[in-house]
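Step one of this worksheet: look at the structure below.
What follows is calculated from the coordinates using simple rules that are stated; it is not laboratory data. Note that this is a predicted model, so its numbers are computed, not measured. With ideal geometry, Cβ positions are generated from the backbone for all residues, glycine too; neighbour counts draw on all protein chains shown.
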Amino acid sequence: EATKINGSLSVLGRVIGGLAEGSKAHIPWRESKLTLLLKDSLGGNTRTAMVANLSPSRICVEDSIATLRFATRVKKVKNKPVVNED
């Protein structure tokens, strides 16, 4: 189960990287259930918020830095939400 979670997070990182670059290259949405579920939120017509949880502990410095790097990449993703009118 842990390997599937790590795999999904790895694919999520690649999706975020592709979206942050803004290139028209292939985005691997279907490589993980997580990214497939988040497709409309990350690359669609929505406003999305990212919450980065950090630890003040010195033991978790590497994890906190990795989280901040990921949050910086997420911040570069630009969505253009439009009001849906029926």
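Values for this structure:
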{"item": "Residue in region 27-49 that is touching a residue at least 40 places away in the same chain (Cβ under 8 Å) and in contact with a Gly (Cβ under 9 Å, 6 or more places away or on another chain) present", "result": "no"}
{"item": "Cβ-Cβ under 6 Å pairs, at least 6 apart or on other chains, region 1-22 side in contact (Cβ under 8 Å) with a residue 24 or more places away in the chain, far side among the basic types (Lys, Arg)", "result": "Ile16/Arg73; Ala20/Arg73; Ala20/Lys76"}
{"item": "Helices (runs of 4 or more DSSP H) wholly inside region 2-86 containing at least 1 residues that are surrounded by 12 or more Cβ atoms within 10 Å (Cβ to Cβ), within 10 Å of the chain's Cα centre (by Cα) and among the aromatic types (Phe, Trp, Tyr)", "result": "61-75"}
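Residues are listed down the side, and each one gets a yes or a no for (1) among the β-branched types (Val, Ile, Thr); (2) in contact with a Cys (Cβ under 9 Å, 6 or more places away or on another chain):
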{"site": "Thr3", "(1), (2)": "yes, no"}
{"site": "Val11", "(1), (2)": "yes, no"}
{"site": "Leu54", "(1), (2)": "no, yes"}
{"site": "Ser57", "(1), (2)": "no, no"}
{"site": "Glu62", "(1), (2)": "no, no"}
{"site": "Arg69", "(1), (2)": "no, no"}
{"site": "Lys75", "(1), (2)": "no, no"}
{"site": "Pro81", "(1), (2)": "no, no"}
